[in-house]
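Peer 1: Here you go, one structure.
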Amino acid sequence: MIKSFNEFNKIDESVLYYAPPFRQQLEILKKDGSDIASKLLELEMEDLPTDITFVNSAEDVGYLTFHPMAKAIEKIKKTYPPGDGDSEDTLDIQNKPNKKYHDTIYNNEINGRTYMSIYTGNKNAIKIGKFIKKVLSATTDAQIEEFVNELKAVQDNLKEKIELVSGEEIAKWYKSENCYSGGSLGNSCMVDKNFFDIYIQNPESVNLLIIWIEFTPIKTIKKK
């Protein structure tokens, strides 16, 4: 588990970060041909003139949650105090924004390893359209409205499920094609390994709790 956060200086700027679930939604829309989704993905890790960052989907339809950069920095520095950089437990930003380190911060909080409330219990919300206007120029109201409807459709079709698995299912979910590359499971050293016999043969003793996303293909989006 990461215990410290070294050379945490570049993130003091207004770097735009997305929660992995929101990034996944944008990637789905990009594949479907959304120009705005593509531009938003290009903006991640960029230094923007706005304090809105750590963006994720909100429970309320049509909104996104965010955390102001200055407040997030205070929380992260308290949770990951400066280290010497020599330990594998050190989170080292290496003088530049790093998506991998940000996703580690997200995963640690979502999995209950840290309690920063940057994503969990976040009370800051902004309308999707207003967020787009803040970070993207030369975008018309019609384009924004179309994108908002498309994003809502993706969010409605992504269903998060929590499941306790055992036996052969444990080996299944440790295959790289079945786990998110930025998540705790996807980053595990056990991914794609062949030593799960002890788990498979003892389903009554060994279980794995997983969170997985079920996606229903969208059929309602029409491009103009």
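Each reported figure results from applying straightforward, stated rules to the coordinates on display, with no laboratory input. The shown structure was predicted, so the numbers you read here are calculated from the model rather than taken from an experiment. Using ideal geometry, Cβ is built from the backbone for each residue, glycine included, and neighbour counts are taken over all protein chains shown.
Peer 1: What ranking do 190, 45 get, fewest neighbouring Cβ atoms within 10 angstrom at the top? Walk me through the numbers before you get to the answer.
Peer 2: Working: 190 12, 45 15.
Ordered by Cβ neighbours within 10 Å, fewest first: 190, 45.
Peer 1: Between residue 61 and residue 139, what length in nm is gained on full extension when 0.36 nm per residue of separation is reduced by their alpha carbon distance? Could you put the intermediate results ahead of the total?
Peer 2: Details: separation 78, 0.36 × 78 = 28.08 nm, distance 2.13 nm.
Once the chain is fully extended between residue 61 and residue 139, it gains 26.0 nm.
Peer 1: Continuing with the same structure: Here is the link list: 39/123; 39/78; 99/127. Which ones come out longer than 29 Å on Cα distance?
Peer 2: Numbers: 39/123 26 Å; 39/78 33 Å; 99/127 24 Å.
Result: 39/78 exceed 29 Å.
Peer 1: By counting other Cβ atoms within 10 Å of each Cβ, how are 166, 205 ranked from fewest to most? Can you show the working numbers first?
Peer 2: Working: 166 15, 205 9.
Ascending Cβ contact count within 10 Å gives the list 205, 166.
Peer 1: Could you line up 35, 103 from fewest to most neighbouring Cβ atoms inside 10 Å?
Peer 2: On the way: 35 14, 103 22.
If I rank by nearby Cβ atoms, fewest first, I get 35, 103.
Peer 1: What does the charge count near residue 207 come to, summing +1 for each Lys or Arg and -1 for each Asp or Glu among other residues with Cβ under 12 Å from its Cβ?
Peer 2: Computed value for this residue: -3.
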